[in-house]
Amino acid sequence: MVEQDCLASMDGLIWLRTGHQVATKFNQHQTTVSRNSRKCAKAFKVFLERVNSEWQVVGDLKLLNLERRVHQYVRFHNGDSLRLDAQHWSGSLLGTPPPSGWILGNLNFLEYQRPLQLIQERIIDAWITSYPDTPSNDPDLATIHLSKMPMLLVVNAGHPLVELGDAVTFQDVSRYPLLPLPDHAFPKFEQTLRACGLSLDPSQSDRQSHGTGAGPGPIEDLMVGFATPLTLPLYGESCQVLPLRLPIEVGDALVVRREWTHYPQIQRLTDYLLNRLTELALTTPDLTVLTGHGTETAVNNVSTLGPLAQSSTKAI
């Protein structure tokens, strides 16, 4: 019903949030992006509405989603550029430099629901997310597991919890504010926090340094953050890891629509990400690289990853 560039402009705006970003990444003028978006919305009798800083399509999406399915098919079969996005901590580590044949998104998602919606609606073609918060209940999506690692609790070097040393407990941690995340951003991770007596709600922590002799300080200095062995260097030298590990194993995973898992573009992307993780694992303790279907692989044999990745996508 509409040309590829026309739908790409509207879906690009929904995905990338601004006309400037769409113009840059899709090689269009901003006026073209605006004109095509209006034209596309009119063709499908829908309109765009801004909700919590995100563009949403309002109206009957039946015909629009059928058109998106056709256009995604064309992208895969014609060898056109595909669309990749990631959680903010994965994007800079795994998606940079951009893999060949892929347009990168903003790589700044801090939650789970929005990128899930984008891949379900075929606006993006692949999504690097964080295990265990992967879409396990959607039969149309496949998850290719790439890595596993522990989740660490981190604080500033001068934080009162550091003074407790190895005696620190989750009860001690609960007295301080945790790094805020959007509500229900990562449901399984939040469930683990609750099981440890921790809450992302700032009102549940009193910001007092009980038992350390220190009084309350600026919330930024007292905050407890989360890190993995991969993201720990991003915090800088002032960051210190608490001798506590959350009882959860996390990792990177690639989510794609199941119908595309055997296509060469997805196989090459999986190889690219596994190779990148393998390079990082050589200097990152406690990072385990997987083959794509949950099996560990040696990090000193990069050349074996291509066939392993290909077999993993076919096995999903």
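Throughout, read-outs are computed from the coordinates displayed, never taken from laboratory work. Every value quoted in this text rests on a predicted model; they were computed, and no experiment measured them. Glycine also receives a Cβ, built like all others from the backbone with ideal geometry; neighbour counts cover every protein chain displayed.
Amide H contacts of R175 (H built 1.01 Å from N, in plane; Pro and chain starts excluded): no residue 5 or more places away or on another chain comes under 5 Å. Taking other C-beta atoms within 10 Å as the exposure proxy, F109, F26, F47 rank F47, F26, F109 from fewest upward. Working note: Cα gyration tensor of the chain, eigenvalues times five, square-rooted, sorted largest first, giving semi-axes of 38, 25, 16 Å. Volume per residue of the convex hull around the Cα atoms, evaluated for segment 1-100, comes out as 112 Å³. Taking the average, over residues, of other Cβ atoms within 10 Å as the packing measure, peptides 79-87, 172-180, 236-244 rank 79-87, 172-180, 236-244 from highest down. Exposure proxy ranking for K188, K62, based on other Cβ atoms within 10 angstrom of each Cβ and starting from the fewest, stands as K62, K188.
The residues packed around T134, meaning those with a beta-carbon under 12 Å from its beta-carbon, carry a net charge of -2 if Lys and Arg are +1 and Asp and Glu are -1. With contacts taken as Cα pairs under 8 Å at a separation of at least 6 residues, the chain carries a relative contact order of 19 percent. Looking at segment 79-190, I'd like the Rg to Rh ratio, where Rg is from alpha-carbon atoms and Rh is Kirkwood's inverse mean 1/r. Ratio of gyration radius to Kirkwood radius: 1.06.
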